[in-house]
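Just so it is clear, none of the values below were taken in a lab; they were calculated from the coordinates. As the structure is a computational prediction, the values presented were derived from the model and not from experiment. Using ideal geometry, Cβ is built from the backbone for each residue, glycine included, and neighbour counts are taken over all protein chains shown.
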Amino acid sequence: MNVFARCQQLPGGTQTPLTFFAFFFLLLGLCVGSFLNVVAWRVPAGRSIVRPGSACPSCGNPIRWYDNVPVLSFLLLGARCRQCRSPISPLYPAVELATGLLFLGAALRAGPGLQAAADAVLASLMVLTVRTDLENWLVLDEASLGGLAAGLAFALAPGGLSVLQSAGAAAGGFVLFLLIRLASLAVLKAKPGYVLPPPGHEDEADEFTGGMGWGDVKLAACIGAFLGPGRTAVAFFVAFVTGAAAGIAMILSGRHEKRRPMPFGPFLALGALVSMFAGNALLSLYLSASWP
Ligand SMILES: [Zn+2]
């Protein structure tokens, strides 16, 4: 008798395969999150993601496999390197935990199948984008263009989005954000030096002149390819509303430096994740509401 058959004899047995699948996705997500930490740290620095193995940034000692278990090692080590006792950033376990929980959510929402895999890939790309854009003002092409290709590839499989929906929403997202970029460029070009590049990015002043970077334009296409027209609209709406709310909150709290830009990638990522889970519900709520 195999494990599945045995478990199905227990009360609530029909739920068992889903529980196994969800637990597997949680563990997978924790490991993928650990890998995303490596990518977010090494790719912007132009280093290999394969070699050398992980090392402590302070003392350079290699990190043993048992000190590299997602979330658990951070807790067991008391947030400090085993060798030199220098603190480990809580960002590492936070990224691992967020990815793990998003994978768990994807598994529970979609159930075993290709859709859960597509959702997990999108979630991974969005977590990566939040980290690289907040830290380096960078949306990696590996995430945006790689994600665009992955989203289109998932649409080739039966079930889920059609290729037309996926490609159409990707093209729509690309064009919309390109227009926003061009329009804001046209307005801001008339005011030279109005938007200052962030500290450390003075040599990329051009990229920060427009209200929207190229990375955001490519990211919008990627989100479209995964979510299709309706849910992409929800994702962009959530991104603009939360972005505006965060901007206003920064200004009111006095934390916003005048003429400094704000990264938009994290808000696009947030919008995509909200829409991945609740896009259809929000869309039908909007469509069924009686507008005056
Ligand atoms: Zn160390």
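Here the residues PHE23, PHE154, PHE277, ranked from fewest to most Cβ neighbours within 10 Å of their Cβ, fall in the order PHE23, PHE277, PHE154. Our coupling estimate for region 259-270, obtained by passing each phi through the Karplus curve with A = 6.51, B = -1.76, C = 1.60 and θ = phi - 60°, is 6, 8, x, 10, x, 9, x, x, 6, 4, 5, 4 Hz, Gly and Pro reported as x. Using every pair of distinct Cα positions in region 1-112, the Kirkwood expression returns a hydrodynamic radius of 15.9 angstrom. Across the chain, the convex hull enclosing all Cα atoms gives 197 Å³ per residue.
Contact order for region 127-234, expressed relative to its length and based on alpha carbon pairs under 8 Å spaced 6+ residues apart, stands at 41 percent. Full extension of the chain between TRP65 and VAL38 gives 8.3 nm of extra length, using 0.36 nm per residue less the Cα-Cα distance. Here the spin labels are modelled as points 7 Å beyond Cα on the Cα-Cβ line, and at ARG109 and LEU28 they lie 1.6 nm apart.
Work from the charge dipole of the chain (Cβ charges, +1 for Lys and Arg, -1 for Asp and Glu, about the Cα centre) and give the residue of LEU104, LEU196, GLY78 farthest towards its positive end. Looking along the dipole axis, the top candidate is GLY78. Using only the alpha carbon atoms of region 59-215, find the Kirkwood hydrodynamic radius as the inverse mean reciprocal pair distance, in angstroms to one decimal. Evaluated on region 59-215, it is 18.9 Å. Rounded to 0.05, the FRET efficiency of the ARG259 and VAL163 pair, given R0 = 30 Å and the Cβ-Cβ distance, is 0.10.
Each Lys and Arg Cβ is given +1 and each Asp and Glu Cβ -1; about its Cα centre, the chain then shows a dipole of about 460 debye.
Sequentially through region 231-241, phi angles give Karplus couplings (6.51, -1.76, 1.60; θ = phi - 60°) of 6, 5, 4, 4, 4, 5, 4, 4, 4, 5, 5 Hz, Gly and Pro residues having no value and appearing as x. How do LYS258, LYS191, LYS218 rank when sorted from fewest to most other Cβ atoms within 10 Å of their own Cβ? Listed from fewest to most nearby Cβ atoms, that is LYS258, LYS191, LYS218. Taking amide hydrogens as placed 1.01 Å from N in the peptide plane, the amide H of SER54 sits under 5 Å from those of ILE63, each at least 5 positions away in sequence or on another chain.
Inter-label distance, ALA281 to LEU188: 3.6 nm, where each label sits 7 Å from its Cα along the C-beta direction. If you bin all the Cα-Cα distances of region 15-77 at 5 Å, starting from zero, the percentages per bin are 4, 14, 20, 24, 15, 10, 6, 4, 2, 0. Annotation: the residues VAL71, VAL234, VAL163, sorted from fewest to most other C-beta atoms within 10 Å of their own C-beta, follow the order VAL163, VAL71, VAL234. 3J(HN,Hα) along region 187-192, derived from phi through the Karplus expression 6.51 cos²θ - 1.76 cosθ + 1.60 where θ = phi - 60°, amounts to 5, 7, 4, 6, 10, x Hz, with x in place of Gly and Pro. The Cα atoms of region 166-292 cover 45, 35, 29 Å along the three principal axes, with the biggest extent listed first.
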